[in-house]
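The values are calculated or read from the model by the stated rules, or taken from the named source; none is laboratory data. Just so we're clear, the structure is a prediction, and the values are computed from it rather than from any experiment. Note that each Cβ is placed from the backbone with ideal geometry, even for glycine, and that neighbours are counted across all protein chains shown.
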Protein chains: 2
Amino acid sequence: MKPKNLADFELLILEKSEALKTNQWVYQLLRTNLLCGKIEPGLPLTIRGLAKALNVSPMPVREALHRLACEGAVEVKNNRRVIVPQMTVEKFHELCELRILLETHAAEGALPYIREQHITKLQEIDARIDSAIERVDRVNISLINQEFHRTLYSANPFQISIPLIESVWLQLGPFSQIAIAKLEKIYIVDRHVEAINALKQRSTFALRRAIEADIRDGIASIKSVEGIHGYFEGNTHAQSLG
Amino acid sequence: MKPKNLADFELLILEKSEALKTNQWVYQLLRTNLLCGKIEPGLPLTIRGLAKALNVSPMPVREALHRLACEGAVEVKNNRRVIVPQMTVEKFHELCELRILLETHAAEGALPYIREQHITKLQEIDARIDSAIERVDRVNISLINQEFHRTLYSANPFQISIPLIESVWLQLGPFSQIAIAKLEKIYIVDRHVEAINALKQRSTFALRRAIEADIRDGIASIKSVEGIHGYFEGNTHAQSLG
DNA sequence: ATGATATTTTTGTGATCACATAATTTTCGC
DNA sequence: GCGAAAATTATGTGATCACAAAAATATCAT
C-alpha cells in the first residue's frame, strides 16, 4: 500500500546534538531522508505536516524546504505544493552527464593540492565503503561514497564547484536509492583504487578516467535493475535509457 | 566615502506588480542589485535593515537572503552575518572555467532542439544588446546578455543546468559589474553572431567555440580594467590573473 | 447516482513577538 | 588616556497568529 500522507512515512531521525540549530537539524534530516529515497516522489510535503512529525515549529521546516527547493531536491509546483520531483529518462541522462562534467573537472582541479595525508584519508574512506558493501548497507554505501568524492575535490582550497555537485547528487540521489534498493547483490569495481593510484602518479588523465568510470559504473548498476523503467515518470516500460 | 550601513546604499527599486508575491519581489530586487554590483562586498546585510529600506516585514527578506545564500550570491559568516563575498583571483579564475564548462555543455545540449523561431528570438535579443552597448547602459548589457545565453540553453526542453549556470553568474556578476563600471569604452566582438551562425549550420564545434570565445572576451575585458587588482581581496596589485 | 456548487479544512505567506547571542557602546579602574 | 569589563543595542532564530488561496469534503439539483 502506498503511503497517503506524511504520517505514513518512516523518516530516519538523526539525533539532534546540542550545538546544532533546529533549522540545520531539520535541513540535514530531510536531506538525508531524500537522499535515501525515503520519501515517495509526487507526494506533497507540507510544512505543518513535517513540523508535527518532527515535533518542531513550522518555521525551521519552512526554511529547510525552501533551501531544498533551491538546491533542486524538491520541487515547488504552481499550486505551491512541494513534492519530490519525478525522474524522467532525459533528466536522468542529463544529470549523469553533469556529474561527469563537474566531477572530472573538480578532480583535476584538486590534483595539484593532493598530499600524502589526503591519500591516507581517501584510503580510509574507501575501506569504510568496502565495509558498507559487505554489510549490504545501501544507504551508507551511497553516503560514504559521496564523502569520498567530496574529500577528493575539497583538497583544492579554492574549490567552488562542490555546491553545484551536491545539487546534482541531491537530484539524482532519491531515484538512485529507490532503484538500487532492488538490487540483490551489489557489485562494485573499485574505481576508487584506480583514482587513488592516479593521484599517486599525479596523472590528470588517469584521474579523470577513474572518476568518469566510477560514475558510469554507478549508472550502469542502476540501469541493470530489473523493471527500472517503471520508476520513470510516464514510462512503465520500453523507453530506452539512452 | 564608503557607505557604512544599508541606508547609504541607493538600491535599484523594481516596482512591485500586483501578481508578484512579496517574497519574490524582494528576492528579485536583491538579486538584481547584487548583479549590478550596487552592494559593497564585505558590508553586512541585515534582515531588519533591508526590511526597513524596502518597507516590508522582515519575513520575506529573511527568505530572500537565505535563498541568495544558497545560490552563493551572498555569504553567511560564522557570526551569522550576511555579506557579499569578496572576490579572489583564484575564485574568479575558477568561476570563469565553470562558466565555460557548463555553458558549452548546455549550448551543445540545446543545439538539436534549435528551430527557426529560436534563431529569430536570439537575433532580436542580440540587437537589443547592441542597442544597450550604444547607450553604454552597462547594467542592461549584462542583463540582456544573460537573457541571450538563457534563451539559447532553454531551447533544450530537458535542460537542467540553467540553475547551476545562474548560480555561477550570481557569484561572478557583482564583481564583473564593479570592474566594468571602470571601462571607458565598451568594445565587444559580437560572438553572438558567430554562435547564431553555428546554430544555423548545426555545428556543435563552432557553437562551443563561439560560446567559449564569448565568455573569454568578457573575462578579457574585465582583466583589461586599469587597476583591477585592487578589487581582489588582499591583492592591491601585482598578483597575476592567471 | 452523478456532476456542479457551496462549505469546510488545510496550507503557504506575511506579520509580530520572545529569546539567546553577537556587536556596540559605555563605564570604570589604573 | 587607555584598555578591560559591563551594560546596552542590534540581530538571527523560533514560535504563534491572521489571512488569502487552494484542496478536500459536503450539499444539492437533476
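How about segment A:42-101: which of its residues are of a type in the set (Asp, Glu) and either within 14 Å of DNA strand D (Cβ to nearest atom) or in contact with a Phe, Trp or Tyr (Cβ under 8 Å, 6 or more places away or on another chain) (or both)?
Once the filter is applied, which keeps residues that are of a type in the set (Asp, Glu) and either within 14 Å of DNA strand D (Cβ to nearest atom) or in contact with a Phe, Trp or Tyr (Cβ under 8 Å, 6 or more places away or on another chain) (or both), segment A:42-101 yields A:63, A:75, A:90, A:94.
Which condition breaks for residue B:118 when tested against (1) away from DNA strand D (no atom under 16 Å from the Cβ); (2) over 17 Å from the mean Cα position of the chain (by Cα); (3) within 13 Å of another protein chain (Cβ to nearest Cβ); (4) not charged (D, E, K, R)?
Single failed check for residue B:118: (3).
On the given criteria, is residue B:142 part of a helix (DSSP H, G or I), more than 9 Å from every other protein chain (Cβ to nearest Cβ), in contact (Cβ under 8 Å) with a residue 40 or more places away in the chain and not acidic (Asp, Glu)?
yes
Would you confirm, using the coordinates I've provided, whether residue B:167 is within 12 Å of chain A (Cβ to nearest Cβ) and either surrounded by 17 or more Cβ atoms within 10 Å (Cβ to Cβ) or under 16 Å from residue B:221 (Cα atoms) (or both)? Full working, then the answer.
Working: within 12 Å of chain A (Cβ to nearest Cβ): yes; either surrounded by 17 or more Cβ atoms within 10 Å (Cβ to Cβ) or under 16 Å from residue B:221 (Cα atoms) (or both): yes.
Criteria met by residue B:167.
Take segment B:46-70 and flag every residue that is aliphatic (A, V, I, L, M) and either part of a strand (DSSP E or B) or within 12 Å of chain A (Cβ to nearest Cβ) (or both).
Listed by number, the residues that qualify are B:59, B:64, B:65, B:68, B:69.
Could you tell me which of the residues A:67, A:81 is of a type outside the set (Val, Ile, Thr), modelled with pLDDT under 95 and under 20 Å from residue A:174 (Cα atoms)?
Only one candidate qualifies: A:81.
Under 8 Å between Cβ atoms, at least 6 apart or on separate chains: pull out the pairs that start in segment A:78-104 with a residue that is within 8 Å of chain B (Cβ to nearest Cβ) and more than 25 Å from residue A:153 (Cβ to Cβ) and end on any residue that is surrounded by 18 or more Cβ atoms within 10 Å (Cβ to Cβ) and modelled with pLDDT under 90.
A:88/A:232
I need the full set of residues from segment B:16-45 which are more than 10 Å from DNA strand C (Cβ to nearest atom), touching a residue at least 24 places away in the same chain (Cβ under 8 Å), in a loop (DSSP other than H, G, I, E, B) and not aliphatic (A, V, I, L, M), in order please.
Of everything in segment B:16-45, those that are more than 10 Å from DNA strand C (Cβ to nearest atom), touching a residue at least 24 places away in the same chain (Cβ under 8 Å), in a loop (DSSP other than H, G, I, E, B) and not aliphatic (A, V, I, L, M) turn out to be B:36, B:37, B:38, B:40, B:41, B:42.
Checking the structure you have, find out if any residue of segment A:71-92 is surrounded by 14 or more Cβ atoms within 10 Å (Cβ to Cβ), out of contact with any Leu (no Cβ under 8 Å at 6 or more places or on another chain) and in a helix (DSSP H, G or I).
Within segment A:71-92, one or more residues are surrounded by 14 or more Cβ atoms within 10 Å (Cβ to Cβ), out of contact with any Leu (no Cβ under 8 Å at 6 or more places or on another chain) and in a helix (DSSP H, G or I).
Kindly indicate which of B:181, B:195, B:210 is at pLDDT below 90 and under 24 Å from residue B:94 (Cα atoms).
B:181
Among the aliphatic types (A, V, I, L, M) and more than 20 Å from residue B:163 (Cβ to Cβ): is that true of residue B:73 in this structure?
no
Pull out all pairs, ordered by first then second residue, where Cβ-Cβ is under 9 Å, the residues are six or more apart or on different chains, the first lies in segment A:150-165 and is among the small types (Gly, Ala, Ser), and the second is outside any helix (DSSP H, G or I).
What qualifies is A:155/A:114; A:155/A:115.
Report yes if residue A:125 is away from chain B (no Cβ under 14 Å), buried (at least 17 other Cβ atoms within 10 Å of the Cβ) and either part of a helix (DSSP H, G or I) or among the hydroxyl-bearing types (Ser, Thr, Tyr) (or both), otherwise no.
Here the answer is yes, as residue A:125 does meet what is asked.
Return only the number of the condition from (1) at pLDDT below 95; (2) part of a helix (DSSP H, G or I); (3) under 27 Å from residue B:68 (Cβ atoms) that residue B:130 does not satisfy.
Here residue B:130 meets the rest and fails (3).
Identify, from the list A:62, A:48, the residue that is buried (at least 16 other Cβ atoms within 10 Å of the Cβ), more than 23 Å from residue A:177 (Cα to Cα) and within 12 Å of DNA strand C (Cβ to nearest atom). Don't jump to the end; show me each part of the working.
Working: A:48 fails: buried (at least 16 other Cβ atoms within 10 Å of the Cβ).
A:62 is the lone residue from the list that is buried (at least 16 other Cβ atoms within 10 Å of the Cβ), more than 23 Å from residue A:177 (Cα to Cα) and within 12 Å of DNA strand C (Cβ to nearest atom).
Of all residues in segment B:28-45, how many are more than 23 Å from residue B:141 (Cβ to Cβ) and within 13 Å of chain A (Cβ to nearest Cβ)?
Within segment B:28-45, residues that are more than 23 Å from residue B:141 (Cβ to Cβ) and within 13 Å of chain A (Cβ to nearest Cβ) number 0.
What about residue B:189, is it among the hydrophobic types (A, V, I, L, M, F, W, C) and not in a helix (DSSP H, G or I)?
yes
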